[in-house]
Amino acid sequence: MDAQRALLDELMGAARNMTEDERKSYREIKWDDREVCGPYMVRFCPHDLFVNTKSNLGPCEKVHDLKLKESFEQSPRHDAFVPRFEADLAQFCEKLVTDLDKKVRRGRDRLAQELEVPTPPLSSEQSEQLSLIEEKIKKLLEQIEELGEAGKVDEAEALMRKVDGLNAEKTSIIQPNSKITALIQEKKMELCEICGSFLVANDAADRAQSHVAGKQHIGYSMIRDFLSDYKAAKEKAREEARLAREKEDEERRRKREEMEKSREKREQSRERVRDQEREKSRDRDRDRDRENDRSRDRRGNRHVGYRNGRDNYDRERQRDRRGRDRSRSRSPIRRDRR
């Protein structure tokens, strides 16, 4: 009935039996609603894998709708929701596998305890027969020993043949129990590591194939394969992220080194400019000092020439004055006045 109802919902819609008033208040379910099964959208729902098996999980409480799944696959947000749905599925599958592995370990311990198969006990009648036979064998061996000491070889050999017959009879009594033990060994159980089912070791090929094709084995195989692929993909993503971080760190380190080298080059360039400026300043100072020296030399020569010229001028004036004085002393007019 549930399958037919789901088929009708898929063909005619979930609101096929509603009245007009009910249709007005009806809200259409979308693939990203909470009541929709995310694992079913992205891969499979574990509840669908074990129907009518010993591992039946019961019906899923969320919506499974093929149209919603098709809508999800065509949605532009598909890639953004896939990791979320896969994480939910992986979490649920991990719990199932953990519980199953515990069951497998318990079954393995149980089989390990049953490896030593005890020999089935003899019946009371068989025990009495064996006791009588062993007693006869013991007496015959004593007689054979006495005959051997007396040198009666032929009689001892005859009794030895009777001992062989009694041993054969003893073996015939024990033999059926050995066959039962061998049969039990043939029917020894083994454990399926995939689904945890107990199997008969060395069973017929068709029965083994039937087990492998069963729902429980296929369901747990799908779960284990999904977990293996999911973990491998996560590990690959972590490795790629690690390599990307290392590449980014290397790129940042390279840029820092380039910036450091560029800063060192700029500093060296500024230092060369400063050296050149200092050199030019020293050159200007040297030129200024030389110019000052030349200026002092020129000023010193001018002072010397001026003093010499002044002295010559003073001497000429003194000579002129003395000459005029002598001229006035000889003049007659000056005498008369005196």
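Condition check: free of Cβ contacts under 8 Å to residues at least 12 places away in the same chain, more than 28 Å from the chain's Cα centre (by Cα) and open to solvent by 40 Å² or more (accessible area, probe 1.4 Å). Does Gln91 satisfy that?
no
Give the number of residues within the stretch 202-232 that are closer than 21 Å to Thr53 by Cα, open to solvent by 80 Å² or more (accessible area, probe 1.4 Å) and of a type in the set (D, E, K, R).
Within the stretch 202-232, residues that are closer than 21 Å to Thr53 by Cα, open to solvent by 80 Å² or more (accessible area, probe 1.4 Å) and of a type in the set (D, E, K, R) number 4.
Kindly provide the set of residues from the stretch 29-41 that are at pLDDT 90 or above and open to solvent by less than 30 Å² (accessible area, probe 1.4 Å), ordered by number.
Within the stretch 29-41, Val36, Cys37, Gly38, Pro39, Met41 qualify.
Go through the stretch 118-133 and report how many residues are at pLDDT 80 or above and either open to solvent by 90 Å² or more (accessible area, probe 1.4 Å) or farther than 20 Å from Lys170 by Cβ (or both).
Qualifying residue count, the stretch 118-133: 1.
Looking at Asp283, is it loosely packed, with under 10 Cβ neighbours inside 10 Å and in a helix (DSSP H, G or I)?
Against the criterion (loosely packed, with under 10 Cβ neighbours inside 10 Å and in a helix (DSSP H, G or I)), Asp283 does not qualify.
I'm checking my understanding of the structure. Among residues of the stretch 151-201 that are among the small types (Gly, Ala, Ser) and modelled with pLDDT of 75 or more, which one is most open to solvent (accessible area, probe 1.4 Å)?
Applying the filter and picking the extreme gives Ala168.
Specify which of the listed residues (Val51, Val97, Val63, Val82) is modelled with pLDDT of 85 or more and in contact with a strand residue (DSSP E or B) (Cβ under 9 Å, 6 or more places away or on another chain).
Going through Val51, Val97, Val63, Val82 in turn, just one is modelled with pLDDT of 85 or more and in contact with a strand residue (DSSP E or B) (Cβ under 9 Å, 6 or more places away or on another chain): Val63.
What pairs can you find where one residue is in the stretch 229-256 and within 17 Å of Glu86 (Cβ to Cβ), the other is open to solvent by less than 100 Å² (accessible area, probe 1.4 Å), and their Cβ atoms are less than 7 Å apart, with a gap of 6+ or different chains?
Between residues of the stretch 229-256 that are within 17 Å of Glu86 (Cβ to Cβ) and residues that are open to solvent by less than 100 Å² (accessible area, probe 1.4 Å), the close pairs are Tyr230/Glu86; Tyr230/Ala90.
The values are calculated or read from the model by the stated rules, or taken from the named source; none is laboratory data. Bear in mind the structure is a predicted one, so any value in this text is a computation, not a measurement. Please note: Cβ atoms are built from the backbone with ideal geometry, for glycine as well, and neighbour counts cover all protein chains shown. For accessibility, only protein heavy atoms count, side chains too; no ligands or nucleic acids. Shrake-Rupley method; radii C 1.70, N 1.55, O 1.52, S 1.80 Å.
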